[in-house]
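Peer 1: If you scroll down you'll find the structure; I have some questions about it.
Laboratory data are not the source of any read-out in this text; all were calculated from the coordinates shown. Treat the numbers as computed from the prediction; the structure is a model and nothing was measured. Here the Cβ positions follow ideal geometry from the backbone for every residue, glycine too, while neighbour counts run over all protein chains shown.
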Amino acid sequence: MKRSVSTTERDDGELVREALAGDRRAFDLLVLRHGDMLFNLCFRMLGDDDEAADCAQDAFIRAYRSLAGFRGEAAFTTWLYRIAVNTCKNRLASSAYRRSRSMVLLEGTGADDAVLPPDERAASSNPTVRFERGEREAAIQRALDELPPDEKTVAVLCDIEGRSYEETAALTDMRLGTVKSRLARARRRLRSKLGGIV
């Protein structure tokens, strides 16, 4: 009797092949597998829960529509992240987005919980610690939101997502030297804005 392969045993490449063969459930599994990571990336780039959810959804829709163009030269996650980064960059560049962000009050970015792993979210029930962490995270997000889009993108990918310079260059279609120089500028601006907060 043939043993069925569990979803955790199937790698992204297998799920992509199954989705291309017409199995929509295979793509749903890719969304479930990568949805939280993509939302966190979009949240850090956009600084808003609703915008991040919209962009993550748009990125998955674009990925689904472009799936036949995925040649497997890079990892599926790299390809998916590139789509998400471009989706967020387009949103950041849109005048409607800039207007809506300028009217948002700073009291609730949602940064205190949205960007933390679940184990860190539950680590402390001390209200003072949670408040201080939330204030620090909100200040970081506000400082990120004030960066020019390209600097923000490389800061999020390198310093928050932990991507290497090479991965960031591949995700953004920037040259390696450009990534390094924009990251250096972003770090200087963030240090200036944040002072001793972090």
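Peer 1: How do Val85, Val154, Val129 line up, fewest other C-beta atoms within 10 Å first?
Peer 2: Exposure proxy ranking, most exposed first: Val129, Val85, Val154.
Peer 1: What ranking do Glu137, Glu146 get, fewest neighbouring Cβ atoms within 10 angstrom at the top?
Peer 2: Glu146, Glu137
Peer 1: Another question, if that's okay. How would you rank 168-179, 60-71, highest first, on the average number of other Cβ atoms within 10 Å across their residues?
Peer 2: In descending order of packing, they fall as 168-179, 60-71.
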